[in-house]
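Let me begin by presenting the structure, written as structure tokens, before commenting on it.
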Amino acid sequence: MSLYYVYFIFTFLVTIKISNAIEIPEKFQKSNHTNNWAVLVDTSRFWFNYRHVANVLSIYRSVKRLGIPDSQIILMISDDMACNPRNPRPATIFNNAHEQINVYGDDVEVDYRGYEVSVENFVRLLTGRVPPDTPRSKRLLTDEGSNILIYLTGHGGDGFLKFQDSEEITSQELADALEQMWQKRRYNEIFFIIDTCQASSMYEKFYSPNILATASSLVGEDSLSHHVDSAIGVYIIDRYTYYVLEFLENVHPNSKKTMSEFLAVCPKSACLSTVGVRRDLFKRDPSKVPITDFFGSVRQIIITTDPIDIQEIPKRKKPMSINKTKVPEKREYLPQFPMHLVKTTV
Amino acid sequence: MQEANRMWASASFVGVLIIIGLPLWWKTTEVYRVALPYDKINAFETDSHYISTELTVLANDDETAQEVARQIEKAFQESDVIKLKITKKIIPNKLQHLLDSVADEQEALEDVGAAFNIKKHNTFYVVQRKPLYQDVWVGTERVAFFRDIKACSTIVKVLEKWIYQPSVLIGARSEIADAARQVRFPSGPGYHVVLSVVHPRPQELKVNFNARDAIEDYIGSFVDELTELHNFTLKSQWLHLLDFDFEATEVPGGRVAGAERLPLLLTRLEERAATHVSERPTLNLALYVVPCRLAPLALQRYDKEIPPPVQAFMSPKWGGVVFGNPTPEECEKQVYTPPVNLIMGTFLSQLRKLLGITDKEAQAGARLEALRRAAPRAWERDALLRLRALQQLASAETSLRSLAKLLGEISNIVINDEVGASINLAVESIHRATEHMEKADLLEAHRYSQRAFLAAETAFMEPSLLALLYFPDDQKYAIYIPLFLPIMFPVVLSLKNLLLWFRGKPVHKEKTD
């Protein structure tokens, strides 16, 4: 009798194994994005908010390492910590008390710095309504095939995110900005991460499709920082971002990790706040989406096999230049006192 | 008397606050919005736009002409994006004699060109010529030769897949980006083309390459043919000491670069190429001079196939890279002269694809004469004009529709006069462009569609169209209520007494003993 049970369990397990093996080719749902962008924003200033700058720079380094080029990363940092007179390690920003990696580095490209990081500039960046003289490196030049990673960090509250200690962006404004992006087809999919207090209130009002959002804490909870570096004297990194970085350290450009593993990255025991996720606007199943869809970069390469064999060497007709006779420049001193401009009275 | 004073006092409060103040406040806090032509915008039907084009069939006898025309008409009947106006003609005897006797197709082309106007935009001629090796022959002018009536099906395939390409036109008109649209640069009034010569080891090798003349002559002659479409600015630069680790593996005959490293080469080039100097999109053409210790460097292993004459790759919406491999003799002498013709020919082939001229796959029985010059073929130019006209028109309509929807949804966006003017200009240009497209007037149609596209983009991306920040409705009332309620409270309460007094009734009940 017991042998019969053992035999039954054995066949059951074998069947499960086989059905799993058949499922593997279907593991990833195909994405149709053609390029990747990242918008990384740190909204708080002052020396005691060092950890927010370290947060955003750590994500910047990870995203760069996984392949997104600088021309497709918009980095907004509200205050200069590396050159802050209170920084005992000038020109560096660390995200760990061991001070092993300088996340500032010498090739960081900050697009919006200092007071340029404002609610207006952020909304203008997202919607594309920048002033006409904005350089290309400060514009979000996405198209309908772009997957965008948006990361916000700073101080927040129920329904708002504080910028620069003096203004706020409400969740409704953020939702409207993303809807305007959708109307103009400026994104294919968005992955929205926010690491502030009561962070999940910021994504509650979203109503545009293809957005997957995650937050470090729910409404009513505070996101906490991880540890202090006594040599620098401030909190160095936030909990949620610390565990995210730990996860991303094991991700390389050919990684097979999925988004659902990312969404489960910080359990309540580690983060002390509950990580919130919003997946109803996202069409695909996060457990079938590879993490490189948002954190890595797709750049298609097409090998050219058909050069044109030009027989007659072309010569472009140069436009007729007008013969300019060179007039020798005469230089002279202006009179010291412009007496010639003064009407002399008789 | 005192009562009358009191009543007049409270009446004046009511007058100022409620009768004057309330409408004044409403009027001054309303958002300035210009009236927009919402009905015209909602009436756009993007999927019904089509382009007319003229096609002339020239044959030796009536029966052939009829049959060819009939087959072509049947094939293009269901296509709703391009409408052909087919005219049939018999070839005049002199021309027929010339076409039959001339040996070379080029001379035949010249003869046809002398008799008919093949320089006119948006036309095409299908001419019969007996001594052809294949069924159909297509060259650089707007003429296709066919042999006889049995070549009908090949003619139809050639027109569909090479000349008119209705599938690509439908892709241009639709909202979803098809494969061809993902490769080519988005529509715009102009581009910058930058030729960068990347020389990682200038101390080891001297490179003889005149980049400025190369780009002026070769790329310049190409873009001169496309002046109706876009405005091109040509630039060239040298990037020295730009090293890159290809992680090359050794193979018999040379080295092969790692396939995953190639996209990172583009990132490395972007760091130094400084292409963000203008707001126009930039097409990057990079000539990478491979260092002597790595030469010859290939992009993939070619075990059995013949490797192409030059190693090059391109990236959609970015540009292309060509590898210049110096030979061992040139490495000895430390002077490298890149083959200008071959390299610029490769760049031209990449540039064509990036601008929208698609690859033509081979058709059985038809011969597409290889392009031996920098300038594009005449019918390729027409195809580009059609493509861009449709794409810009569709894009303008989509922008206007989404802008109208957005302005309807979010009620506190200011719509000022410039935005209104841009939108009206865009709507009018869309109507004119549609008319010209239906009349087969391609150049005018493209001009109006470009105007519509730019006006719609200007309207949508107007910096003043920012929703009023910090002033959402619920916060508006949260400010007004504590400000005005304490004042309005006694005023509203005294209204009842005021009304009673105006009607003449005593306000207070008289004390009766």
Query - Shielding by other protein chains, B:394-400, mean Cβ within 10 Å - result: 1
Report task. Give the distance, in whole Å, between the Cα centre of region A:183-224 and the Cα centre of region B:23-64. Result -> 37 Å
**Report entry** DSSP beta bridge pairing in the protein assembly as shown, given as percent antiparallel to the nearest 5
**Finding:** 30 percent
**Report entry** Probe 1.4 Å - accessible area at B:THR249, Å² to nearest ten
**Finding:** 80 Å²
Report summary line: Sorted by number, the cysteines in chain A with no other cysteine beta-carbon under 4.7 Å are A:CYS83, A:CYS197
Report summary line: For chain A, the longest principal axis of the Cα atoms and the Cα long axis of helix A:171-183 enclose an angle in degrees, to the nearest 10, of 80 degrees
Query - Net dipole in debye of chain A [+1 Lys, Arg Cβ; -1 Asp, Glu Cβ; about Cα centre; nearest 20] - result: 1380 debye
Query raised in the report: Share of chain B's accessible area from carbon and sulfur, percent, 1.4 Å?
Result: 56 percent
**Report entry** Interface A:B - total buried accessible surface [probe 1.4 Å, Å², rounded to 100]
**Finding:** 5100 Å²
Report task. Averaging sequence separations of C-alpha pairs under 8 Å and six or more residues apart, then dividing by the length of chain B, give the relative contact order as a whole percent. Result -> 18 percent
Report summary line: Relative to chain A, whose Cα atoms define the longest principal axis, helix A:50-65 and its Cα axis are tilted in degrees, nearest 10, by 80 degrees
Report summary line: So the angle from the long Cα axis of helix A:239-249 to the longest Cα principal axis of chain A, reported in degrees to the nearest 10, equals 80 degrees
Report summary line: In whole percent, the fraction of accessible protein surface over region A:31-83 that belongs to carbon or sulfur atoms, probe radius 1.4 Å, stands at 54 percent
Requested in this report: Run through the DSSP bridge list for chain B and note the antiparallel percent, rounded to the nearest 5.
Outcome: 20 percent
Query raised in the report: Which of the residues in region A:87-129 show a loss of at least 40 Å² in accessible area from their chain by itself to the complete set of protein chains, at a probe of 1.4 Å?
Result: A:ARG124, A:ARG129
Requested in this report: Between the alpha-carbon centers of region B:352-374 and region B:384-450, tell me the distance in whole angstrom.
Outcome: 32 Å
Report task. Using the charge dipole of the protein assembly as shown (Lys, Arg: +1 at Cβ; Asp, Glu: -1 at Cβ; taken about the Cα centre), state which of B:ALA375, B:ALA151, A:ILE93 has its Cα farthest towards the positive end. Result -> B:ALA375
**Report entry** Cross-link reach list, lysines versus B:LYS94, counting only Cα pairs under 17 Å and skipping chain neighbours closer than eight places
**Finding:** B:LYS130
**Report entry** For region B:234-384, accessible area per residue (1.4 Å probe, heavy atoms of protein chains only), Å²
**Finding:** 43 Å²
Query - Under 5 Å, built H, 5+ apart or other chain: amide partners of B:GLN311 - result: B:PHE323
**Report entry** Cross-link partners of A:LYS283 among lysines (Cα-Cα below 25 Å; sequence separation of 8 or more within a chain)
**Finding:** A:LYS27, A:LYS30, A:LYS184, A:LYS205, A:LYS256, A:LYS257, B:LYS405
**Report entry** Karplus-derived 3J(HN,Hα), 6.51/-1.76/1.60, for each residue of region A:293-300, Hz, glycine and proline x
**Finding:** 5, 10, 8, x, 9, 9, 9, 6
**Report entry** Unpartnered cysteines - no second Cys beta carbon under 4.7 Å - across chain B
**Finding:** B:CYS152
Query raised in the report: Per residue, how many Å² of accessible area does region A:230-337 show with a 1.4 Å probe?
Result: 67 Å²
Report summary line: Looking at region B:206-235, residues buried by 40 Å² or more relative to their chain on its own, accessible surface at probe 1.4 Å, turn out to be B:GLU216, B:ASP217, B:TYR218
Query raised in the report: When Cβ neighbours within 10 Å are restricted to other protein chains, what is their mean count per residue of peptide B:310-317?
Result: 5
Query raised in the report: To the nearest 500 deg cm²/dmol, what mean residue ellipticity at 222 nm is calculated for the protein assembly as shown from DSSP H runs of n ≥ 4 alone, each contributing -39,500 (n - 2.57), summed and divided by the residues?
Result: -11000 deg cm²/dmol
Query - Those residues of region A:286-306 for which accessible area with every protein chain present is at least 20 Å² below the isolated value (1.4 Å probe) - result: A:ARG299, A:GLN300, A:ILE301, A:ILE302, A:ILE303, A:THR304, A:THR305, A:ASP306
Query raised in the report: Given a cut-off of under 8 Å on Cα pairs at least six residues apart, what relative contact order in percent is computed for chain A?
Result: 18 percent
Query raised in the report: Can you pick out the pairs among A:LYS288/B:LYS304; B:LYS333/B:LYS353; B:LYS157/B:LYS353; B:LYS40/B:LYS120; B:LYS88/B:LYS353; B:LYS206/B:LYS235 whose Cα atoms lie more than 26 Å from each other?
Result: A:LYS288/B:LYS304; B:LYS333/B:LYS353; B:LYS40/B:LYS120; B:LYS88/B:LYS353
Requested in this report: Mind putting a number on the dipole of chain B about its Cα centre? Charges go on the C-beta only, +1 for Lys and Arg and -1 for Asp and Glu, and I need it in Debye to the nearest 20.
Outcome: 1100 debye
Report summary line: Descending accessible area (1.4 Å probe), largest on the left, turns B:TYR302, A:TYR203 into B:TYR302, A:TYR203
Report task. For chain A, give the share of DSSP beta bridges that are antiparallel, in percent and rounded to the nearest 5; count only bridges with both residues there. Result -> 35 percent
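The values are calculated or read from the model by the stated rules, or taken from the named source; none is laboratory data. Remember, predicted model here, so these are calculated numbers, not experimental data. Glycine gets a Cβ as well: all are built from the backbone with ideal geometry, and neighbour counts include every protein chain shown. Note: accessible area is taken over every heavy atom of the protein model, side chains too, but ligands, DNA and RNA are not part of it. Shrake-Rupley method; radii C 1.70, N 1.55, O 1.52, S 1.80 Å.
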